[in-house]
Structure formats: structure tokens, C-alpha cells
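Here the structure is laid out as C-alpha cells; the discussion comes afterwards.
The values are calculated or read from the model by the stated rules, or taken from the named source; none is laboratory data. None of the values given here were measured: they were computed from a predicted structure. A quick note on method: Cβ atoms are made from the backbone with ideal geometry, for glycine too, and the neighbour counts reach across all protein chains shown. Areas reflect the complete protein model, heavy atoms only, side chains present, ligands, DNA and RNA absent. Shrake-Rupley method; radii C 1.70, N 1.55, O 1.52, S 1.80 Å.
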Amino acid sequence: MFLSVFDMFKIGVGPSSSHTMGPMVAGAKFLDTLRAAPFQVHGLRASLHGSLAFTGVGHATDRATILGLAGFNPADYDFDKAEAALAEIIKTKQVVPDGLGPLSFDPKADLAFDFGPALPGHANGMILMATDAQGDVILQETYYSVGGGFVLTEAELEAGEDVDHGDPVPFPFHSGADMLEMAERSGKSIAEMKRANEISRGCSDSLEKGVARIWEVMDACINRGLERDGILPGGLNVKRRARGIHEQLEAERGMNLTAPHVINDWMSTYAMAVNEENAAGGQVVTAPTNGAAGVVPAVIRYWLDFVPGASASKVPEFLLTAAAIGGLVKYNASISGAEAGCQAEVGSASAMAAAGLCAVMGGSPKQVENAAEIALEHHLGMTCDPVKGLVQVPCIERNGLGAIKAVSAASLAMRGDGEHLVPLDAVIETMRQTGHDMHEKYKETSLGGLAVNVPNC
């Protein structure tokens with residue numbers, strides 16, 4: 001099993017990796033299919049199913065689908081160009097993708113929200129169609145956005161294409177037990193094994209530059225979030241709070257009467273800054289998803305700003321360790337809120353951050369695995385119930401609490417010798433089972449929980 005650090009940490013756009021980035025990626029993939037097809041295409045249609053339908057408007061899924069079919073991609077997304085393109089599409093009822101357009105596409109008539117049963121492969125399903133001059137469908141493809149910006153066609157999902165089929169890597173751990181056994185046998189840290197796997201599939205120079213770029217975007221996202229205020233889009237009138245809290249914390253620096261627990265406010269503020277940017281549709285890094293994007297960068301920033309001996313030179317070790325843990329969760333369970341609730345998003349992010357922090361503080365592989373286990377265990381059962389389908393309430397604060405849990409988990413693990421009763425593998429499997437048993441209304445549909453018990457206006 002191999003999931004690259006660049007699979008777990010993707011630079012993209014808010015507010016959701018599975019509901020915004022995924023549909024945009026699906027649109028781009030469909031355009032590639034059309035470019036290779038022998039048909040003369042005149043128009044496009046799309047239908048959104050399952051969670052993509054129920055919370056699609058709040059997650060900007062409709063917008064992302066339109067932009068994907070117009071040729072936009074999350075990796076090089078330009079907000080101003082996207083706004084101009086959307087306005088033109090609404091006006092002309094056409095998209096003009098490179099090598100294909102112009103193609104007929106009226107967002108009001110050709111983009112459907114299907115609130116019936118979800119498609120069979122995954123809670124996040126969508127069907128993209130190409131039509132001829134008479135409006136008849138001549139080619140269609142079903143796509144599943146399986147979390148973290150990963151997108152598979154129906155055929156790829158059925159064929160197990162979400163499983164790695166590349167060349168063997170030096171340390172092919174499929175579980176936490178495998179990971180610890182290989183670490184003990186080789187004498188390497190988890191980050192060292194992950195780095196060796198990455199290098200075996202690519203270039204060492206591009207790995208270092210790419211990881212540095214991930215942190216650069218994460219840190220810039222924190223800084224933007226700390227500088228901006230106002231009301232987040234979507235209609236809930238949620239105020240940005242990170243800037244105001246950060247200003248209060250800065251004013252309190254050096255005061256003798258500041259309570260020790262105020263450090264939690266710093267962690268929360270860093271995380272909230274990221275998720276407010278995400279909610280506003282800004283550039284973020286999936287970690288492992290957009291809805292949980294604030295946890296890992298908040299813990300890194302906390303470590304750099306407040307922990308003695310912290311050094312930016314060790315951020316790659318943090319991210320590689322976190323990616324290794326995230327890969328185990330995705331491979332053996334899920335990182336999709338629509339599939340397993342928020343335990344799969346913020347819970348996974350907290351486990352990744354706890355492992356990364358433990359590693360850079362000198363933890364052994366056993367302590368790192370213990371840190372991840374503690375963090376994930378104490379998110380088990382967490383539902384995904386966003387109010388009005390927006391990645392705002394409870395998502396923004398939830399990232400702050402996920403960061404706090406991550407730091408606590410790493411600290412507790414460092415106080416022990418790595419020996420513990422519950423293995424990480426058992427917690428990951430429990431999370432998978434819990435997600436399977438969780439009622440659908442608590443899995444990113446806005447049909448239960450806070451989403452129905454909090455006024456939406």
C-alpha cells in the first residue's frame with residue numbers, strides 16, 4: 001500500500017475536498033474522456049447524488065462542477081478567473097473547455113440535484129453526460145468523490161483502483177503493526193521509511209521542494225486567516241473570529257496573570273484561521289480533507305511558536321509522519337465525512353497531527369503510533385452534521401479542538417514508553433465499523449444532529 005504525501009496533502013480550494021475539489025476534478029477528468037472520444041459533442045449535463053446533492057449548495061458543489069466542466073482544476077485555481085468564467089457561463093449558457101468548446105451548458109437546466117437514494121458505490125456520487133445536437137446522451141460517466149479530493153470512476157472503484165498497483169516500495173506497511181515491525185527491523189523512524197518510499201517512486205529533490213511547498217501554503221493560509229475579518233458566505237452570518245482572538249492573545253503576551261490553558265486558545269485560533277479561509281473558498285491544503293484542514297497546520301504552528309527547540313527544518317519529518325498515519329486510516333477505513341462521519345475527517349487529522357508532533361519531539365515509532373491511537377480513539381463516533389450544509393458550524397471550532405486533542409495525545413504518548421493496550425489498528429477498524437453503522441442522516445447530509453437543531457437563518 002502506497003499513498004504519497006502529496007496524496008494526503010493536496011493544495012486546493014475550499015470549502016470541501018470531497019464536495020468542491022472532487023467534483024471539479026471529476027469535471028476535468030470527464031473533459032479528458034471527451035477529448036479522446038470519437039463523438040461530436042454539443043452539450044453537457046450533470047447530476048449530483050447522495051451527500052453531494054444534500055449538502056451540495058452549502059459546499060459549493062454546483063459551482064465546482066460547473067467550473068470543472070469549464071476546465072478549472074483545484075491545483076491551479078484562480079478565484080478571479082473563476083468568478084469571471086461563472087458569470088460568462090450563466091450569461092451565455094455555454095462552457096468553453098480547451099480543445100472542446102463551446103459546449104451548451106445551462107446551470108439551471110443541465111445541473112440536477114437528485115435527492116433520491118445515493119449511487120451504489122459511495123455516498124458522494126455524480127454522473128456527467130455529453131449530449132449530441134438533438135440533446136440525446138451519447139456518453140456518460142459515473143464518478144465518486146471518495147474523500148480528500150480523491151476521485152474514481154465507477155469502473156475504477158469496482159476494479160479496486162483506489163489500491164496502489166505501482167512498483168514495490170522499500171517499506172510497504174499496510175497496518176500500524178506492519179509499520180512498527182518494519183521500523184524495529186530497519187532501525188528507521190516512520191518519517192525515514194516514508195521518505196524512502198517516496199524517493200523510490202520519484203525524485204528526492206522534488207520531494208523536498210514539494211513538502212516545503214505544502215508547509216508554505218499551510219502557513220500562508222494561517223496568516224491570511226489571522227488578518228481577515230467579516231462575515232463568511234453562505235447565509236448563516238457566521239463571523240470570522242480568528243483575527244479578533246489572535247489580537248487579544250497578542251495583547252496578553254507577557255502578562256503574568258495569563259492562565260496556562262490560554263495556550264489552547266492559540267492552537268484553536270491557528271486552526272480556526274485555516275478553516276475560516278476554507279469556508280470562504282480560499283486556498284488550503286487537504287490534511288487529509290478540507291473540512292479538517294486546520295488541525296495539522298495549527299499543531300505545526302503551535303510547535304514552531306511555543307515549543308523550545310522546535311525548528312522549521314523538521315517540518316518535513318512532521319508531514320511525512322503524518323502522511324504515513326493518514327495513509328493507514330484511508331487504506332483501512334475512510335477519511336470521508338460522507339462515508340464515516342467527522343471521526344474520519346477531524347479524527348484522522350488529529351491522529352496525523354499527534355503522530356507528527358510526537359515524532360519531531362523525539363518520540364519513538366511506538367510512541368508515535370500511540371499518539372495517533374490516542375487522538376483517533378477520542379474522536380470515535382463523531383458525526384458530520386454541518387448546519388445548512390456549510391463547512392462552518394461546527395466544523396471551524398471542531399478543528400481547534402482536534403488540534404488541542406492532538407497535542408494532548410502526543411504529550412501523553414511521550415510520557416510513556418510506547419507500550420499500550422489498544423493498538424492503532426484496532427481504533428482504525430473501530431472507526432470503520434462505527435462509520436458503517438452510523439445512521440446516514442449523521443454523515444454529511446444535513447438531515448440530523450446540529451444541522452436540524454440549529455436555525456438555518
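The convex hull of the Cα atoms of the range 127-229, projected and averaged over all directions, covers 12.2 nm². With R₀ set to 30 Å, the beta-carbon distance separating Phe39 from Glu158 gives a calculated FRET efficiency near 0.80.
Take the chain with all the other protein chains still there, run a 1.4 Å probe, and you get 40 Å² of accessible area per residue. Computed over the range 418-457, the Cα gyration tensor eigenvalues convert (square root of 5λ each) into semi-axes of 32, 12, 6 Å, ordered from largest to smallest. With only the Cα atoms considered, the range 33-172 has a convex hull volume of 149 Å³ per residue. Using a 1.4 Å probe on the protein heavy atoms, what percent of the accessible area of the range 91-237 belongs to carbon and sulfur? Carbon and sulfur: 50 percent of the exposed surface of the range 91-237.
If you take all other residues with their beta carbon under 9 Å from the beta carbon of Cys384, and give Lys and Arg +1 and Asp and Glu -1, the sum is -2. Between Glu181 and Asn223, how many nm apart are label points set 7 Å from Cα along the C-beta direction? Reported label-point gap for Glu181 and Asn223 is 4.6 nm.
From largest to smallest, the equivalent ellipsoid semi-axes obtained for the range 88-168 from the alpha-carbon gyration tensor read 28, 17, 13 Å. The C-alpha atoms of the range 339-457 occupy a region whose extents along the principal axes are 49, 26, 15 Å, arranged from largest to smallest.
Asp32 to Ile231: FRET efficiency via 1/(1 + (r/R0)^6), r the Cβ-Cβ distance, R0 56 Å, to the nearest 0.05? So the FRET efficiency works out to roughly 0.90. For the range 222-276, the Kirkwood hydrodynamic radius from C-alpha pairs, put into Stokes-Einstein at 10 °C and a viscosity of 1.306 mPa s, yields a diffusion coefficient of 134 µm² per second. Could you please state how large a percent of the accessible area of the range 280-436 is carbon and sulfur, counting protein chains only and using a 1.4 Å probe? Taking all protein chains in place, the range 280-436 shows 54 percent carbon and sulfur surface. Per residue, the Cα convex hull of the range 287-336 amounts to 67 Å³.
Across all directions, the average projected area of the convex hull around the alpha carbons of the range 243-332 is 7.2 nm². The alpha carbons of the range 370-423 give a radius of gyration and a Dmax of 13.8, 45 Å, in that order. Taking all Cα-Cα distances within the range 260-307, those exceeding 17 Å account for 30%. Applying 1/(1 + (r/R0)^6) with R0 = 60 Å to the Cβ-Cβ distance of Ala109 and Glu419 gives a FRET efficiency near 0.45. What the Cα atoms of the chain give is an Rg and a Dmax of 21.6, 76 Å. By the helix-only formula, in which each DSSP H run with n ≥ 4 contributes -39500 (n - 2.57) and the sum is divided by residues, the chain has a 222 nm mean residue ellipticity of -15500 deg cm²/dmol.
With the convex hull of its Cα atoms as the shape, the range 302-399 has an orientation-averaged projected area of 6.7 nm².
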